[in-house]
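Asker: First, the structure itself, so that you have it in front of you.
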């Protein structure tokens, strides 16, 4: 079970995140902290490519990697580069509510027709692409997925702090996730 914790006040930020890049992210986005200079790019934010959400952060605050469902699979080199060369010491993974990747299997017909009509693919190629990709990129529940993905990245990068968060499209706020 995962607790979803709001951040309406600075005191709501979990103690382990206060005065860290994660705490600053929560303050900038949820609490409208003045957009001054941050700690530099010590932070990598992995989030969904969904256009319904944008973070309120200062320029040069973080590297941002946007992928469908905030799924970081096949992005390990990019993440490794940000850590090894870019100085990243913290990764924040942001899932969001109402993510299309949580029900992508139901979008089969729309996907195939869209590739045929808009990309010029033939139906067989679009069908094959969908069938091969859905098992790799679909997620179940957004919160469960981001918790598992955070665990996977912690295992891959044991000296890097990896923090899962939830963006609620209903109120445009970030929520902390804590395993219970």
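Every number in this text was worked out from the coordinates using simple rules, so none of it is lab data. Note that the coordinates shown come from a computational prediction; the quantities given were computed from them, not determined experimentally. Note: ideal-geometry Cβ built from the backbone for every residue, glycine included; neighbour counts use all protein chains shown.
Asker: Compute the relative contact order of the range 94-180 as a whole-number percentage, counting only Cα pairs closer than 8 Å that sit 6 or more residues apart in sequence.
Answerer: Value for the range 94-180: 37 percent.
Asker: In percent, how large is the relative contact order of the chain, given Cα pairs closer than 8 Å and 6 or more residues apart?
Answerer: Computed value for the chain: 28 percent relative contact order.
Asker: What number, rounded to the nearest 500 deg cm²/dmol, is the helix-based mean residue ellipticity at 222 nm of the chain, given -39500 (n - 2.57) per DSSP H run of at least four residues and division by all its residues?
Answerer: So the helix-based figure for the chain works out to -11000 deg cm²/dmol.
Asker: Now for a separate question. Can you tell me the order of 147-154, 86-93 when each peptide is scored by its average per-residue count of other Cβ atoms within 10 angstrom, highest first?
Answerer: 86-93, 147-154
Asker: Once the Cα atoms of helix 123-137 and of the chain are each reduced to a long axis, what angle between those two axes, in degrees from 0 to 90 to the nearest 10, is obtained?
Answerer: The two axes meet at around 30 degrees.
Asker: Please list log₁₀ I(q)/I(0) at q = 0.15, 0.20, 0.23 Å⁻¹ for the range 93-138, using the Debye equation with identical point scatterers on the alpha-carbon positions.
Answerer: -0.41, -0.66, -0.79
Asker: Obtain the nm distance between the two label points defined at residue 132 and residue 159 by a simple spin-label model: each point lies 7 Å from its Cα along the Cα-to-C-beta direction.
Answerer: Reported label-point gap for residue 132 and residue 159 is 3.8 nm.
Asker: What's the angle, to the nearest 10 degrees (0 to 90), between helix 142-156's Cα axis and the longest principal axis of the chain?
Answerer: So the inclination is approximately 70 degrees.
Asker: For the range 1-107, what is the relative contact order in percent, using Cα pairs closer than 8 Å and at least 6 residues apart in sequence?
Answerer: Answer for the range 1-107 is 26 percent.
Asker: In whole angstrom, how far apart do the alpha carbon centroids of the range 6-66 and the range 109-180 sit?
Answerer: Between the Cα centres of the range 6-66 and the range 109-180 lies a distance of 21 Å.
Asker: Return the label of the correct value of volume of the Cα convex hull per residue in Å³, as calculated from the structure shown, out of (i) 132; (ii) 170; (iii) 124.
Answerer: This structure yields the entry labelled (i).
Asker: What angle, in degrees between 0 and 90 and rounded to the nearest 10, separates the Cα long axis of helix 108-119 from the longest principal axis of the Cα atoms of the chain?
Answerer: So the helix axis and the longest Cα principal axis differ by about 80 degrees.
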